[in-house]
Amino acid sequence: MTNYFDLTGKTAIVTGAGRGLGSAVAIGLAQAGADVALVTNSTPAEKVAAEIEALGRRAISIQANVSDRSTLPGIVEQTIEAFGRIDILVNNAGIIRRAPAVEHSYEDWQDVLDVNLNSVFVLCQLAGKEMIAQGSGKIINIASMLSFQGGINVPGYTASKHAVAGLTKALGNEWASKGVQVNAIAPGYMSTDNTEALRDDPVRSRQILERIPAGRWGTSEDLIGPAVFLASQASDYMSGHVLCVDGGWMNR
């Protein structure tokens, strides 16, 4: 059974890999056997790379501002140069800007879409081309509970995450017959930098926890199993699916 989840010999790209959800997923993929290209915006992911190398896997750190489309081809090129192929792409990098809709600046709107949606599409195109040529590949996009709901004071983020879910389904339809599975993970309310403002608000935090059947905020480690599953042979017949990892939030 463990062979279904074995990623030995596979190569992964993980964006936003320097901390939080991205670093946990990157290390989890390495634990399952993958070599990993760690993409960060500013500080190199040296600590995460060291943890991966301690597992006996290879890691490279790539600095790229994913909101700048011109940097994206280099991510794929450097990964292929280092590892020879791309088997897994995890589009995890994301930002959020909070403001009531009538005060939400166009600059914030565009910044969020550039990172959360436009970079996802372009990296899917670039990596997808390589995967289609080799006849196999796994793409995992990070969606959100706000791929299904409206949220409060986050119109740009909500729009981007709805679009990520739709893009996942569109690419899943196109590429499933070519051996490339495109799926998404929709994390629930996770204890990350993006939710710090919510967790620091005692009223909003209480309201959120009251709705989560698991009774707690999620952790980065809660995404490791689902990510390994979607990156592995175990999910070969899944395509265009958005997998909720939310402590039961969507059931309420």
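May I ask you to derive the FRET efficiency for residue 250 and residue 5 from their Cβ-Cβ distance with R0 = 25 Å, giving the value to the nearest 0.05? Rounded to the nearest 0.05, the efficiency is 0.50.
For region 1-53, with all protein chains in place and a probe radius of 1.4 Å, 51% of the accessible heavy-atom surface sits on carbon or sulfur.
If the viscosity is 0.890 mPa s and the temperature 25 °C, what Stokes-Einstein diffusion coefficient in µm²/s follows for region 126-252 when Rh is the Kirkwood radius over Cα pairs?
Stokes-Einstein gives a translational diffusion coefficient of 158 µm²/s.
Residue ranking by accessible heavy-atom surface, 1.4 Å probe, largest first, among 4, 106 comes out as 106, 4.
Placing pseudo-labels 7 Å out from each Cα toward the beta carbon at residue 191 and residue 68 gives an inter-label distance of 3.5 nm. For region 151-194, the convex hull drawn through the C-alpha positions has a volume of 84 cubic angstrom per residue. Length gained on full extension, residue 221 to residue 233, computed as 0.36 nm times the residue gap minus the Cα-Cα distance: 2.2 nm. Just checking the listed ones, 146, 223, 55: in the Gaussian network model of the chain with Cα springs under 10 Å, the one fluctuating most is 55. When the solvent-accessible area of region 152-197 is split by element, carbon and sulfur atoms take up 48 percent of it, the probe being 1.4 Å.
Modelled label positions at residue 106 and residue 50, each set 7 Å beyond Cα in the direction of Cβ, lie 4.6 nm from each other. Packing, taken as the mean count of other beta carbons within 10 Å per residue, orders the peptides 12-18, 185-191 from highest to lowest as 12-18, 185-191. Across the cross-link table entries 47/169; 10/169; 47/161, which are compared at the Cα atoms, the separations over 27 Å belong to 47/169; 47/161. Per residue, the chain reaches -12000 deg cm²/dmol at 222 nm when only DSSP H runs of four or more residues are counted, each adding -39500 (n - 2.57).
Charge tally around residue 89: other residues with Cβ under 11 Å, Lys/Arg +1 each, Asp/Glu -1 each, net -1. Normalised per residue, the accessible area of region 92-194 is 40 Å², obtained with a 1.4 Å probe and no contribution from ligands, DNA or RNA.
Rounded to the nearest 10 degrees, the inclination of helix 20-31 to the longest alpha-carbon principal axis of the chain is 30 degrees.
What you get for the chain, charging only the Cβ of Lys and Arg (+1) and of Asp and Glu (-1), is a dipole of about 500 debye around the Cα centre.
Computed extension gain for residue 207 through residue 173, at 0.36 nm per residue and net of the alpha carbon distance, reaches 8.5 nm. Can you match Rg/Rh (Cα atoms, Kirkwood Rh) to one of these, (i) 0.95; (ii) 1.01; (iii) 0.93, based on a calculation from the structure here? It is the value labelled (i).
The values are calculated or read from the model by the stated rules, or taken from the named source; none is laboratory data. Just so it is clear, the model here is predicted, and its values are computed rather than measured. Backbone-built Cβ (ideal geometry, glycine too); neighbour counts: all protein chains shown. Side chains included, ligands, DNA and RNA excluded: accessible areas come from the protein's heavy atoms. Shrake-Rupley method; radii C 1.70, N 1.55, O 1.52, S 1.80 Å.
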